[in-house]
Structures are given as C-alpha cells and as structure tokens.
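Peer 1: Mind looking over this structure? Questions follow.
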Amino acid sequence: MAISDGVLKKIIISYTYVAIWILLSFTVIVYNKYILDRKLYNWPYPISLTMIHMAFCSSLAYLLVRVFKLVEPVSMSRDLYLRSVVPIGLLYSLSLCFSNSAYIFLSVSFIQMLKALMPVAVYSIGVVFKKEMFKSDVMANMLSISLGVAVAAYGEAQFDAWGVTLQLLAVAFEATRLVLIQILLNSKGISLNPITSLYYIAPCCLVFLSIPWLIMEYPSLRDNSSFHLDFVIFGTNSTCAFALNLAVFLLVGKTSALTMNVAGVVKDWLLIAFSWSVIKDTVTPLNLIGYGLAFLGVAYYNHSKLQALKASEAQKKVQQADEEAGRLLEERDEERKNENQN
C-alpha cells in the first residue's frame, strides 16, 4: 500500500525531530563529561557549570517570553509560584547538580545504565504520593529493572561508590520533581512547556545553587589564579543545553512523550557505544547483560503504559458515544411529545 505524500512528510519531520533531539542530548552529555572530567578539560566544578547553564537559559527564556513574545507566559500568582514552582526549582537544581557531579567520578556508559532506574524511582515515589496505584505486577517489573542495574553495577570496571551515590540522588530528586509537577502544577490546570519551565524555574534554581556554590566552589575558584572563563567552551556548552530544551518542546509537541522515551533508549545505547569506542571507557560483558535486563524491563513498562493509555482513550470514546446516543434519544422523545401535543 503506497504512502501518501502528506503521511510521508509527517514521518520525515517526526524522525528529523527525533534525530535532532538525540544529537543534542548526546552532545550535552558528552560535552559536560568533557568539561568536568579531570582527565579531559579538567574543570571539576559541577555547581558552577549548572549555574552557567541556568543563567544562560533563563536569560534566553526571558527574551523569548517577554521581549520577542514568541512564547505565551502562564498566568500565575505569587502564592502559586512560591508554593508550586519554588519546590520544583529546588528539586531541579539538586537533580542537575548531583547529575553533573557524577561525571567527575563515573563513565558516561555507566551513568546511562544507572539512569535506567528512573521509571523505578518515578513509580515508587508516585505510589508514596498516591499518584500511582500499587500493583504487584508493576512492582515485579520495577524489581527486574533494579536487578538489571545491580548486575551492571557489579560488572562495572571503574566502580566508584561516591559517584554512584551522586547519580542515584540525581535520579531520586528528578523522579520526585516529575511527580510533584503532576501534584503541584498539572492538577491545577497549569502546563509548562520547556521554555516557560526555564522562564519560571531556572531563576530560582540559580538562587538555590548559589548557596552551595559560595561554600563549596567559590573559594577554590577565587584562589585558583590560573582560572579563566573560556567563553567559547562555556558559551557553546550552554547553547547546546538551551537548544536541547527547544528540541524537547518540538519533539513532544510534534510527536509524543512515548516517542521521546523510545528515542531516549536509542540515545542511551549510542552513548554506551560512543563511551566504549571513542572515550575508551571500559564496558564489560556483565555491564551489557545487566543493562540488557534493565532495558527489557523499561521497554515492557513503556509498552504497558501505552496499552493503558490506549484503553483509557477507547473508554473515553465509548463514553462520549453513549452520551451522544443518550442526547439523540432525548431529542427524539422531545420531538414525539411535541408531535403528540400538536
């Protein structure tokens, strides 16, 4: 069966957005690793790097929202901002800070393997906050993902306990942030796209990060007379980070969140291959077996979510059809009553 030009065009555009997102996500991860790793660029200041990203992204988001008016701001009171956005900003700053810090101690490939625990964290925290129903089959799936990651960690040649702790904290804070977005924003009818998210959240992230930065990194930067801010390195790095947020906006807007999840799996495998072949990180057979198990668990979880979503949409259509049929019957009854009266 031939594909129409319109459908073919949509497929090409969708795959183009996927390719752009994978490329930018890949670039930001490898670029951050390059800057922070002591054996590469040797600038081990993860909080400073995160603050540079937040300052750059919040400035550009302000220009897009307020100056060029390319993106509509969300109507939000000060009380709502303080109660909802600020806690999310705190979690986001902690997630980014710990995630960037892990690049100093762990390989890119192993970090991607640990990130496979994200569905486990999101589901577990969702159950705690009563946003997810506890189901034994789902929990068994979560345990299989965790087992896979544990096998990958056991087989890691350059295992660093502190690095693993940092990455697990990053996963926990990011999962909590995702759940709180549902509770504090989505439940109130507020939806933030990646640009408005940066506009509202990045400035408070900058404030939160400044506290540990003053204590932990500023003294070292101040005393390091050889330090100078390389505008080419940090400017292009920050531009990539902002472009990644734009790509997320386009990818989810033009395709779906599920497409992004599938693209994320492809990106993780590419990063593992790149880390092994180009950066020369050690990837052991046990690493791959463990991540393979985790990957199958995540794939099954995404499939289950998709099936549940389809079932929910089908049920809504049936309800709408029943309501429509009910209205038609009422209208016919009214017409018959009018005819009898006449």
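Peer 1: Could you estimate the translational diffusion coefficient of the stretch 97-203 from the Stokes-Einstein equation, with Rh from the Kirkwood formula over C-alpha pairs, at 25 °C and 0.890 mPa s, in whole µm²/s?
Peer 2: In µm²/s, the coefficient is 160.
Peer 1: Now for a different question. For the pair T27/R83, report the inter-label distance in nm, with labels modelled 7 Å from Cα in the Cβ direction.
Peer 2: Those two pseudo-labels are separated by 4.1 nm.
Peer 1: Then there's this: Please report the carbon-and-sulfur percent of the accessible area for the stretch 54-145; probe 1.4 Å, protein heavy atoms only, DNA, RNA and ligands left out.
Peer 2: Of all accessible area on the stretch 54-145, carbon and sulfur atoms account for 65 percent.
Peer 1: Leaving ligands and nucleic acids out of the surface, order E331, E132, E217 by accessible area at 1.4 Å, largest first.
Peer 2: E331, E132, E217
Peer 1: Counting just the Cα atoms, what span does the stretch 174-228 cover along each of its three principal axes? Round to the nearest Å and put the largest first.
Peer 2: 50, 21, 15
Peer 1: If DNA, RNA and ligands are ignored and the probe is 1.4 Å, what is the ranking of L24, L147, L63, L36 by accessible area, most exposed first?
Peer 2: On the way: L24 35, L147 105, L63 65, L36 0 Å².
Largest accessible area first, the list is L147, L63, L24, L36.
Peer 1: Compute the Rg/Rh shape ratio of the chain: radius of gyration over Kirkwood radius, all on alpha-carbon atoms.
Peer 2: On the way: Rg = 23.8 Å, Rh = 22.6 Å.
Dividing the radius of gyration by the Kirkwood radius yields 1.06.
Peer 1: Taking 8 Å as the Cα distance limit and 6 or more residues as the minimum spacing, I'd like the relative contact order of the stretch 1-105 as a percentage.
Peer 2: Contact order relative to length: 34 percent.
Peer 1: So how do 236-248, 264-276 stack up, highest first, on mean other-Cβ count within 10 Å?
Peer 2: Details: 236-248: 19.2, 264-276: 17.5.
In decreasing order of mean packing, 236-248, 264-276 become 236-248, 264-276.
Peer 1: Straight-line reach from K280: which lysines have Cα under 25 Å away, leaving out those fewer than 8 places along the same chain?
Peer 2: Leaving aside lysines fewer than 8 places away in the same chain, those within reach of K280 are K33, K39, K115, K267.
Peer 1: For an R0 of 22 angstrom, estimate the FRET efficiency from the Cβ-Cβ distance between W162 and T282 and round to the nearest 0.05.
Peer 2: Using R0 = 22 Å, I get an efficiency of 0.75.
Peer 1: Using amide H atoms built 1.01 Å from N in the peptide plane, name the residues 5+ places from T284, or on other chains, whose amide H lies under 5 Å from its own.
Peer 2: Long-range HN contacts for T284: A157.
Peer 1: Run through all the Cα pairs of the stretch 130-281 and give the fraction in each 10 Å bin from 0, expressed as whole percent.
Peer 2: Taking all Cα pairs of the stretch 130-281, the binned fractions are 7, 21, 35, 28, 6, 1 percent.
Peer 1: Given axes a ≥ b ≥ c from the Cα gyration tensor, I'd like to know whether the stretch 70-155 is rounded (a/c under 1.5), prolate (a/b larger than b/c) or oblate.
Peer 2: Oblate, because a/c is 1.5 or more while a/b does not exceed b/c.
Peer 1: Tell me, what is the FRET efficiency for A299 and A273 to the nearest 0.05, using R0 = 22 angstrom and their Cβ-Cβ distance as r?
Peer 2: Result of the calculation: an efficiency of 0.75.
Peer 1: Which chymotrypsin sites (Phe, Trp or Tyr not before Pro) does the stretch 22-96 hold that lie in a coil by DSSP with at most 12 other beta carbons within 10 Å?
Peer 2: F68
Peer 1: Using Cα pairs closer than 8 Å and at least 6 residues apart in sequence, work out the relative contact order for the stretch 49-161, in percent.
Peer 2: The normalised contact order for the stretch 49-161 reaches 24 percent.
Peer 1: Remind me, relative contact order of the chain in percent, using alpha carbon pairs under 8 angstrom and six or more residues apart?
Peer 2: Dividing the mean separation by the residue count of the chain yields 31 percent.
Peer 1: Apply the Karplus curve 6.51 cos²θ - 1.76 cosθ + 1.60, θ = phi - 60°, to the phi angles in the stretch 196-203 and return the couplings in whole Hz, x for Gly and Pro.
Peer 2: 5, 4, 5, 4, 8, 8, 4, x
Peer 1: In square angstrom, rounded to the nearest 10, how much accessible surface does M113 have for a 1.4 Å probe?
Peer 2: The value for M113 is about 0 Å².
Peer 1: For the pair E132 and I233, what calculated FRET efficiency results from E = 1/(1 + (r/R0)^6), where r is the Cβ-Cβ distance and R0 = 51 Å, to the nearest 0.05? The partial results should precede the final answer.
Peer 2: Values: r = 42 Å, r/R0 = 0.81.
Calculated value: 0.75.
Peer 1: Which order do D333, D160 take when ranked by solvent-accessible area (1.4 Å probe, heavy atoms of all protein chains), largest first?
Peer 2: D333, D160
Peer 1: Hey, another quick one. How large is the helix-only mean residue ellipticity at 222 nm for the chain, computed as the sum of -39500 (n - 2.57) over DSSP H runs with n ≥ 4, divided by its residue count, in deg cm²/dmol to the nearest 500?
Peer 2: Calculated at 222 nm, the ellipticity per residue is -25500 deg cm²/dmol.
The values are calculated or read from the model by the stated rules, or taken from the named source; none is laboratory data. Everything quoted here is computed from the prediction, not taken from an experiment. All Cβ positions, even for glycine, are placed from backbone atoms using ideal geometry, and neighbour counts span all protein chains on display. In case anyone asks, the SASA skips ligands and DNA or RNA and just uses the protein heavy atoms, side chains included. Shrake-Rupley method; radii C 1.70, N 1.55, O 1.52, S 1.80 Å.
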